[in-house]
Amino acid sequence: MWSHSSIGSERLATDEKVEGSNPSGTSTIARRKITLSKIIIVDTGSSNILSLKRAVEIFDNNVEVTTNSNKILSANKIFFPGVGAFKKVMEKLEKNKLTETLIKTRDKKIPLLGICLGLQLFFNTSEEFGKSNGLGLIKGNVKKLPSISQKNERLKIPNMGWFKLNLNNQFSNNNFSNFVKSINENNLYYFVHSFFVDPTEKKDIAAFYDFGGHKIPAIVSKDNFIGCQFHPEKSGKKGLEIISNFLKLS
């Protein structure tokens, strides 16, 4: 079981607004220094990599964006971002011989955080633009968001906006239990997506959010993998806390 390590901090005054805007506006952020860490962001060619890198660097400057398998497998923490089409990013991973690399992180038990499409790629298949195979790291499939609410009202897709999370008390991955418990259900996180993950094992779901009365998985985890459907790097101060708490896992 991973726990949160104790780390020192110093104050960093910043007027830079986190990308995606923040309902509470700008804020002062604590810059946490994490020693002896090696943080990797897997280069999936996605547009959110730079904003993610800047967010991670608030807490640790030892961050590298790469497709190098040896560097990925020697990391202490791995971020796996994704924006765009499921099939296209999978093809890029296969071209760079990264599918086996990501699977090997399970044997090495390296904590790996998937973000948005990164989470979806953990799964067996996606129905986006026809059926496509994913990494198969978590059993289940990726499906299109429902277009009709539980009140029989039309829902706008892609879904874009700020939503609260509802924690799942049946979540069973002890590797991330403290990480999940640190989440406040009153906080808002920024979502933008048209497809969602549907895990075979509901105990793999750490949190849901409400989309027109539908319970949509927002955080899912299995083994050393955890993923957010929302964008922590675009979710203001509370999103940065998600990144910080992931980095503090030891």
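Restricting to the stretch 42-87, name every residue that is among the aliphatic types (A, V, I, L, M), over 22 Å from Val197 (Cα atoms) and either in contact (Cβ under 8 Å) with a residue 24 or more places away in the chain or in contact with a His (Cβ under 6 Å, 6 or more places away or on another chain) (or both).
Ala55, Val56, Ile58, Val63, Val65, Ile72, Leu73, Ala75
Going residue by residue through the stretch 204-222, is there one that turns out to be in contact with a strand residue (DSSP E or B) (Cβ under 7 Å, 6 or more places away or on another chain), of a type in the set (Val, Ile, Thr) and more than 22 Å from Asn173 (Cβ to Cβ)?
No.
Taking the condition of being assigned to a loop (DSSP other than H, G, I, E, B), over 16 Å from Phe195 (Cα atoms) and under 17 Å from the mean Cα position of the chain (by Cα), how many residues in the stretch 110-153 meet it?
Matching residues across the stretch 110-153 total 5.
Since every read-out is calculated from the coordinates, none of them should be taken as a lab result. Not measured: the values here are computed from a predicted model. Counting neighbours? That spans all protein chains shown, and the Cβs are built from the backbone with ideal geometry, glycine included.
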